[in-house]
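Notes to accompany the following structure.
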Amino acid sequence: MTWSPDDGRTPDGLSLVLARAVVGAVDAVGGYAGGVYLRSRTPGLLLMAILAGLPGPLMRPWWRMHINRPFPVAEAYRTGRPVYLADADEAMRRFPQLMAGLPFPFGSLYAPFMIGSTPVGVLVVLRYATRGVPVGVDDRRRMEAAAAGLGAGLAALDEPARWDEPPLLVRLPADSARPLRVGHFDWDLGSGAVTADDDARQLLGHTPADPPARTMEALAARLLPEDVHGLWTLAGRAAESAQPHVSRMRLWCPDGRPLLVELSGHGAGDGASGRLAGVVVDPGACPAVPDAADRIPRGMLCHDRLGRITYVNAPAEKLLGRERAELVGRDLFAALPWLADPSYEDHHRAALLSDDPVHFLARRTPRQWLSVAMFPDHDGVTVTFGPSGSPGRAPEPATGPRRDAEPGPAVDHADVLYRPVALAIALTEAVTARQVSAVVTEELLPAFGGRQLAIYLQHEGRLYLASETGFPQGFLDGFDGVGLDARIPGVETLTSGRPLFFESMEQLADAYPGIPMDASVGARAFLPLIASGRPVGSCILGFDQPRGFNPEERTVLTALAGLIAQALQRAQRYDTEAALARGLQDALLPHRLPVVDRVDTVGRYLSGTQDIEVGGDWYDVIETRDGLALVIGDVQGHGVAAAATMGQLRSAVRAFALTGHDPRETMSATNHLLIGLDPGQFASCCYVLLDPGTGLVHAVRAGHPQPVVRHADGRTEVLDLAGGVVLGVDPEAAYPVTELTLGDGAVIALFTDGLVERADADIDEGIERLRATLAGAGHLPLAEAADLVIAQARQDDDRPDDIALLMAARRAPSR
C-alpha cells in the first residue's frame, strides 16, 4: 500500500488536483507563477483557490473576481475562450483595469476549464513579458491542454468543484544550484517503503531505532503549509512520468531551526510506481556564504517567492534590531510589518512580476529611514538595505481606531489603495444605476471588509432604496421613501454633506435613540452622495464587527462617495433618456400587422444584453395599391436621436409607399429626405414589395443584410438582391430593383444585423445558423418559427445590438 500520512495534513483531492495543474501549467509555458480561480457558492463570484510562486498577502486584492468585471480572468470564464497577454502594452489596450492595479511589464495567460459543458474556473500563468511578440501557438496549445486536463481531473472527483476559502499557497520547483547535502532518504512510491540514513533521522528528531516509515510522517508533519501540496504534486508527477522532477521545500526541525529539503523524483510513467530521493539540509552546515555576506556593509536578506525569509546577514540583524533566528523561516510581512505599507508592497509586486530590480526609501520607525533595493530571480528576492536620510516630505502614520472600538475584520491596505483606482475605472464603464450599484458592491465591500451595502437615491425631497445587499430581508423597507427632514443618519449625512462613522452599534444607538437596528454588533458608515453640489443620495456600509475608521480610510471613503455620486447622477440621466427612447421606439413600432389574404406576417424585437441605449432597429408592413410592402431598417447609433430618426424614416417610407411610389422611388426619396434632415446618422434598409396573389417580388436594398428564404420543400437560400449604399450618405445613390417569385408555402425572413453578428465569429456563420433554424422550423406556424429564431438569439449572453425580425409566409390558395 502506498504510504500517506495520517496527521490530517494530507491535501484533499480537490486541492491536490488544482495544485498539480498549476505546477504543470507554469512549467509547460515557462512561467514563474500561477494560480487557479474557481467558482464559489456566491453566484457570479470566482475565488482564487491556488496561488503558486507569489506571496499571498501581496496578491490579496485579486483573491476575488466577479465574472462580469472587465478583467481577463472574468472574460475567459464568461466567454469560455482563453485570453493571452504577451506584455503590458497588450494588457493596457485590452484590460486597462488590470494594469491600473498591476502596472508592471509581465505576460499572462488565462485558460478556462470546464466539467462537461459547465465552466467552473480559470487557470492562470504569469511569465516574463515578450514585448511585441504574441504568445506562440505551442504555448497556447500547452495552456489549453493543461486547462482541459484540469477539467477532466475535477470531473473524476466525488466532491464539487467549488471554493470558498482563502487561496492555498504552493511552492514551485526551484531551478537553482543544488545545496550541500546532509541527510538522505528514499521513498518507494509503489510499495511505500522508506529508507533513511542516520543524519536524516537525527535532523527530523528520530533515533536510529525508530521505524523508517516515520521519516515521511515526520517530514510531512514539519513541512510549511504551502509545501504540503508541493510534496504530493511532486509524488504524483514522479509516478506518472519517466522524466526527473526536482523540488525544494522548507520545514522546521524539533528545536525550531529551519531546514531545507530537496526532493528529486522519477518513475516508470505507469502512474503507480516511482521513487522520491530526498536530501535534508541544515543551512547552518554551510558557513562560507553567510561569512561572506556578513562582510557586506549593507543589510541583506533573502526570501523565496512565497515570502518566507531564507537568509539574514549580520548587518541586517543590527539595522533591524532582530536576531537572525527570529527572522529566518518567517513570513516577510509578519517578521517586518513596516514593509507591509501599501506603497512598499507595490514596489515588491513590481520586482516579483517584472523581474526588474527596484529601489525605494522605506520608513522603519519614525526616525529611521532605509534605502531598500530588491533583486528578484526565479527562486526569490534578495533585499539589501542601509541607512538613509529622510525625504523632504514624509507622510504621517495613519491614526488607528479608537481605543474603545474592537478590531474588525482584517483590511488589506493594498486593497484600500487599489480599489479606488479600480472603482473609478469601473464606474466610467457603468451606464445604468443598476450597473453602478453592482460595481460599488463588487469593488467597495471587499476593500474595507464590509458585509452590507445600501444605496438610496433622492427624488422630490425623499430618499428611495435603489440597491441593497447583506441586510436582513425587509429590514430597509421601513426607511424607503423617508423625507429629508427625518432624523436618521442616512438622511442627515446627505443634508449636512458630512460622512458619519459609527465604530460600534452602541455608538449608533447613542446618537440616534430608538432607531431600528438590524444587529446588536457591528459598525456602520453613512456617506453622502453629492455631485456638482447637488444631492444625489446616500450610501450605507455595514460591518459585522466593531471597527475603527482611521483618517486614511475616512478620506478614501469620502472621495469614493463623490465618485459614486457622479456615476449615479450620470446613470440617472441615462435611465431617463433610455426610458424616453424606449417609449418612443415602442410607440413607433407597429403594434399590429395588417391581415392580408394568402400572406401571414409576424414581427419580433429583442433588445441587446449590455444595457446600452435603445437602438434604431425597426420594421413595418404596409398595404399599398401594388401589393404588400415588407420593410426593415436599422439606424446607425443608439439613444433618443436614433429612435427619433427611426420614426422619421418609418413615416417617410410609409408615406412614399402609400402615395404610389414604386420600390426604387421609395428608397431614393427616403435617401434624399434623410440627407435633407441631416441628423448626422445613416441607415440601412430593405424594401420588399410582394404581390400576394402571384408571389411576384420587387425588392430594393440599401446596405442591409440579405433576406433569407425557406422554400416549401425545406430548402433555404440567402437572396442575392442588388443594392445601393446606406441611406443618408450619397444623394446620387441608385437603388436597383431585383425581381423574383415567392412560391406557395415559402417563408421570407428580413432581419437586422444584430441577429447574425457576433464579436467572435464571422457574419456568414450567423447567417448559416439562421438558415439552419428556419430549415428546422418548417413544421411550425409562422409565429412559433419567429419565436424559435428569437429564442436562439436570446441564448447568446453577449448581444451588443438590438434585433428586429420580420417574417412573411405565402399560403397556397384555399379550395
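The values are calculated or read from the model by the stated rules, or taken from the named source; none is laboratory data. Everything quoted here is computed from the prediction, not taken from an experiment. Every residue, glycine as well, gets a Cβ built from its backbone with ideal geometry; the counts of neighbours run over all protein chains shown.
Within region 340-389, count every residue that is out of contact with any strand residue (DSSP E or B) (no Cβ under 7 Å at 6 or more places or on another chain) and either within 27 Å of residue 556 (Cβ to Cβ) or crowded, with 20+ Cβ neighbours inside 10 Å (or both). Walk me through how you get there before you give the answer.
The initial filter retains those residues of region 340-389 that are out of contact with any strand residue (DSSP E or B) (no Cβ under 7 Å at 6 or more places or on another chain), namely 340-343, 345-346, 349, 356, 365-368, 376-378.
Imposing the further condition that a residue be either within 27 Å of residue 556 (Cβ to Cβ) or crowded, with 20+ Cβ neighbours inside 10 Å (or both) reduces the set to 340-343, 345-346, 349, 365-366, 376.
Qualifying residue count, region 340-389: 10.
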- Task: Would you point out which residue out of 17, 73, 26, 36 is under 23 Å from residue 427 (Cβ atoms) and surrounded by 16 or more Cβ atoms within 10 Å (Cβ to Cβ)?
- Result: 73
- Residues being of a type outside the set (A, V, I, L, M) and either part of a strand (DSSP E or B) or not assigned by TED's automatic domain parsing to the domain that holds residue 747 (or both): count how many of those fall in region 593-607. 5
- Message: I'm trying to understand the selection: among the residues of region 545-567, which are modelled with pLDDT under 90 and not hydrophobic (A, V, I, L, M, F, W, C)?
- Response: 548, 550, 551, 552, 553, 554, 555, 558, 562, 566
- Query: Which residue pairs have Cβ atoms under 8 Å apart, sit 6 or more places apart or on different chains, and have a first residue in region 468-484 that is under 18 Å from residue 444 (Cβ atoms) and a second that is of a type in the set (Ser, Thr, Tyr) and modelled with pLDDT under 90?
  - Reply: 469/441
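Within region 517-534, count every residue that is out of contact with any Ser or Thr (no Cβ under 7 Å at 6 or more places or on another chain), part of a strand (DSSP E or B) and closer than 15 Å to residue 452 by Cβ.
Within region 517-534, the subset out of contact with any Ser or Thr (no Cβ under 7 Å at 6 or more places or on another chain) is 517-522, 524-525, 530-534.
Narrowing further to those that are part of a strand (DSSP E or B): 524-525, 530-531, 534.
Filter again for closer than 15 Å to residue 452 by Cβ, leaving 524-525.
Number satisfying all stated conditions: 2.
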- Go through 700, 747, 756, 718 for me and flag whichever is surrounded by fewer than 17 Cβ atoms within 10 Å (Cβ to Cβ), in contact with a helix residue (DSSP H, G or I) (Cβ under 8 Å, 6 or more places away or on another chain) and in contact (Cβ under 8 Å) with a residue 24 or more places away in the chain. 718
- Can you name every residue in region 476-508 that is out of contact with any strand residue (DSSP E or B) (no Cβ under 9 Å at 6 or more places or on another chain) and at pLDDT 90 or above? 485, 487, 506
- Note on the structure: Listed by first then second residue, the pairs whose first member lies in region 158-173 and is closer than 17 Å to residue 228 by Cα and surrounded by 13 or more Cβ atoms within 10 Å (Cβ to Cβ), whose partner is β-branched (Val, Ile, Thr) and at pLDDT 90 or above, with beta carbons under 8 Å and at least 6 positions apart or on separate chains, are 167/50; 168/50; 170/22; 170/23; 170/50; 172/23; 172/26; 173/23
- Message: When you scan region 124-132, do you find a residue that is under 21 Å from residue 23 (Cα atoms), modelled with pLDDT under 95, within 19 Å of the chain's Cα centre (by Cα) and in a strand (DSSP E or B), even just one?
- Response: no
- Message: Being assigned by TED's automatic domain parsing to the domain that holds residue 565, over 31 Å from the mean Cα position of the chain (by Cα) and outside any loop (DSSP other than H, G, I, E, B) narrows it down to one residue among 478, 514, 537, 542; which is it?
- Response: 478
